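S.K.: Handing you a structure now.
What follows draws every value from the coordinates through simple rules; no lab data is involved. Please read all numbers here as calculations on a predicted model, not as lab measurements. Cβ: placed from backbone, ideal geometry, glycine included. Neighbour counts: every protein chain shown.
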Amino acid sequence: MKKVGYYNGKIGPLEEIQMPITDRAAYFGDGCYDATTYYNNNIFAFEEHLDRFYNSCRLLEIDFPLSRQELKKEIQAVVDANEEDHGMVYWQTSRGTGVRNHVFPKNAKANLMIFSVPAELVDQKTNFKLITLEDTRFLHCNIKTLNLIPSVIANQRAAEAGCDEVVFHRGERVTECAHSNLLIIKDGVLWSSPRDNLILPGITLKHLLELAEENDIPTREEAYTLDDVWNADEVIVSSSICFGIRTTEINGKSVGGKDEATLRKLQEAYMNKYWADVAERHY
């Protein structure tokens with residue numbers, strides 16, 4: 001199988017796995033998720049993604065029933081069942097199953113869905129084109145919730161414009177992208193928005209900030225504006241498959257391209273980290 005699915009203990013071809021229509025994920029998006037890549041069946045940054053997943057459960061008040069070790073075992077089993085040795089693994093939980101009611105269902109047990117599919121990392125020599133959109137999402141962007149319609153619509157607008165991603169902003173403050181984080185390099189400093197409730201605390205974002213410090217690149221976590229983006233030396237998109245991808249155009253206007261040395265230093269450091277991490281089994 002190249003696309004493997006799992007729902008509450010049942011594993012098989014992804015297209016054959018079914019979930020009940022009364023799963024609260026179906027009508028409320030009442031749940032959270034996480035995802036990462038794997039290579040040689042070794043899951044990248046597994047512990048950090050699990051940390052974020054359990055924190056999302058906590059913030060949503062979902063009583064997730066599996067221990068960390070139990071969840072790791074189930075996720076790894078789905079990866080191992082895939083005949084491809086590299087790809088993406090995704091898992092989500094919902095609050096439970098029951099007749100539609102806004103109030104939390106009593107005695108409901110959280111559901112678990114997992115799938116693994118082939119996927120490739122974005123080539124670090126890729127250049128992205130972006131558009132800007134007002135960030136009209138809610139104020140809990142730090143939770144990796146299933147409620148992603150604003151991001152879906154934003155990505156559709158980007159695709160229609162022939163672009164790869166969106167720069168969300170609330171007024172002049174830049175927050176992040178539709179399904180990625182956004183960083184800039186200015187005067188040799190790697191600059192990120194604060195990891196508050198207005199952005200997702202990306203694992204790749206975290207790694208880039210750590211790697212910058214390890215490689216004598218100063219960092220700054222502070223709100224920045226669209227003007228800062230226009231005037232940045234480099235504009236960088238980061239996600240679980242984009243380990244610091246250069247942006248060359250926003251709204252049809254050229255940006256960045258002024259500090260390739262710092263950008264490539266970060267990219268090389270990240271790939272070294274990735275290959276070292278996936279060289280060993282984590283579970």
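S.K.: Return a whole-number percent for the relative contact order of the chain, with Cα pairs under 8 Å and 6 or more residues apart as the contact set.
M.R.: Relative contact order for the chain comes out at 19 percent.
S.K.: Could you give the length gained by full extension between GLU213 and THR132, i.e. 0.36 nm per residue of separation minus their alpha carbon distance, to one decimal place?
M.R.: Fully extending the segment from GLU213 to THR132 adds 26.2 nm.
S.K.: Which value at 222 nm does the chain reach when only helices count, each DSSP H run of 4 or more adding -39,500 (n - 2.57), with the total divided by all residues and rounded to the nearest 500 deg cm²/dmol?
M.R.: It comes out at -8500 deg cm²/dmol, rounded to the nearest 500.
S.K.: Taking the Cβ of ILE241 as the center, what net charge do the other residues with Cβ under 13 Å away carry, scoring Lys and Arg +1 and Asp and Glu -1?
M.R.: Here the charged neighbours net out to -4.
S.K.: On C-alpha positions alone, give me the angle between the axis of helix 149-160 and the longest principal axis of the chain, in degrees, nearest 10.
M.R.: Here the helix axis deviates by roughly 50 degrees.
S.K.: Between beta-carbons, use under 12 Å as the cut-off and find the net charge around GLN76, counting Lys and Arg +1, Asp and Glu -1.
M.R.: Taking every other residue near GLN76 into account, the sum is 0.
S.K.: Quick one: if you stick a label point 7 Å off each Cα along the C-beta vector at ASN55 and ASP187, how many nm between them?
M.R.: 3.0
S.K.: Here is a follow-up. Return the single residue from LYS253, LYS106, LYS273 with maximal mean-square fluctuation; model: Gaussian network over the chain, springs between Cα atoms under 10 Å.
M.R.: Greatest mean-square fluctuation among the candidates belongs to LYS106.
S.K.: What ranking do MET271, MET88 get, fewest neighbouring Cβ atoms within 10 angstrom at the top?
M.R.: Taking fewest neighbouring Cβ atoms as first place, the list is MET271, MET88.
S.K.: How big is the gap, in Å, between the Cα center of region 226-283 and the Cα center of region 106-156?
M.R.: If you average the Cα positions of each part, the centres end up 19 Å apart.
S.K.: Just the Kirkwood number for region 127-276, please: inverse of mean 1/r across all distinct Cα pairs, in Å, one decimal.
M.R.: Kirkwood hydrodynamic radius for region 127-276: 15.2 Å.
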